[in-house]
Amino acid sequence: MARIKLDMPETYIFSTFIDIRITDINYGNHLGNDALLSIIHEARVRFLSSLGYSEANVEGVGIIMGDVAIIYKSEAHYGDQLRIEINAGEFSRKSCDFFYRISNESDGRLIALCKTGIVFFDYLMKKPVPIPKGFMDKFQ
């Protein structure tokens with residue numbers, strides 16, 4: 001079976017901490033895949049907020065997630081504090097990727113590597129739009 005490969009950045013410009021809640025645990029008694037997707041969503045909202053944005057307003061336009069890739073490296077359990085590091089890259093005309101490195105804060109163990117494809121979107125016109133220059137300037 002072919003495995004997903006991600007070309008992750010060497011550095012990250014933002015980090016945040018999120019504790020694993022009991023509702024994030026699945027029947028295997030570890031962090032569920034659906035919960036990890038919610039955790040990276042929360043981290044993305046915090047990342048955008050640190051840049052002065054929200055998912056609904058990045059220089060006057062919104063964003064939507066076009067795709068996601070997650071590579072699991074080890075288990076995480078109830079009560080673990082996750083460190084989520086984020087950077088953006090792979091810029092095209094209307095989209096970019098957000099990269100996430102998730103580790104266990106207490107022992108540094110790598111939990112997962114993730115990428116979300118972010119499409120800039122005008123919700124009134126219901127179509128993708130070019131990446132705002134102000135957003136791009138933050139990564140130049």
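Screening V61, V68 for residues that are touching a Pro at 6+ places or on another chain (Cβ under 7 Å) and modelled with pLDDT of 95 or more leaves exactly one candidate, V61. Looking across the range 46-59 at every residue that is of a type outside the set (S, T, Y) and closer than 12 Å to S15 by Cα, the one that is surrounded by the most Cβ atoms within 10 Å (Cβ to Cβ) is identified as F47. Do the conditions hold for I40, that is, is it surrounded by 13 or more Cβ atoms within 10 Å (Cβ to Cβ), modelled with pLDDT of 95 or more and part of a strand (DSSP E or B)? Considered against the rule, which asks whether it is surrounded by 13 or more Cβ atoms within 10 Å (Cβ to Cβ), modelled with pLDDT of 95 or more and part of a strand (DSSP E or B), I40 comes out as no. Examine the range 14-29 for a residue that is crowded, with 16+ Cβ neighbours inside 10 Å and part of a loop (DSSP other than H, G, I, E, B), and state whether such a residue exists. The answer is yes; a qualifying residue exists. Residues in the range 41-65 that are in contact (Cβ under 8 Å) with a residue 24 or more places away in the chain and over 11 Å from F98 (Cβ atoms): E42, R46, S50, L51, Y53, A56, V58, E59, G60, V61, G62, I64. Only one of the listed residues (Y78, Y100, Y123) is aromatic (F, W, Y), surrounded by 16 or more Cβ atoms within 10 Å (Cβ to Cβ), in contact with a strand residue (DSSP E or B) (Cβ under 9 Å, 6 or more places away or on another chain) and at negative phi. That residue is Y100. So for the range 103-111 (the condition being of a type in the set (S, T, N, Q), in contact (Cβ under 8 Å) with a residue 12 or more places away in the chain, closer than 30 Å to M136 by Cα and assigned to a strand (DSSP E or B)), does at least one residue qualify? Yes - at least one qualifying residue is present in the range 103-111. For R93, indicate whether it is over 22 Å from S38 (Cα atoms), charged (D, E, K, R) and either in contact (Cβ under 8 Å) with a residue 24 or more places away in the chain or not in a loop (DSSP other than H, G, I, E, B) (or both). The answer is yes for R93. Note on the range 112-140: among residues that are under 15 Å from I86 (Cβ atoms) and not in a strand (DSSP E or B), the one that is modelled with the lowest pLDDT is F139. From the list E85, E75, E55, the lone residue that is charged (D, E, K, R) and in contact with a helix residue (DSSP H, G or I) (Cβ under 7 Å, 6 or more places away or on another chain) is E55.
Would you confirm whether any residue within the range 2-24 is in contact with a helix residue (DSSP H, G or I) (Cβ under 9 Å, 6 or more places away or on another chain), without any contact (Cβ under 8 Å) to a residue 12 or more places away in the chain and at negative phi? No.
The values are calculated or read from the model by the stated rules, or taken from the named source; none is laboratory data. Note that the structure is predicted; figures quoted are calculated from it, not measured. Methodologically, a virtual Cβ is constructed for each residue, glycine included, from the backbone with ideal geometry; neighbour enumeration extends over all protein chains shown.
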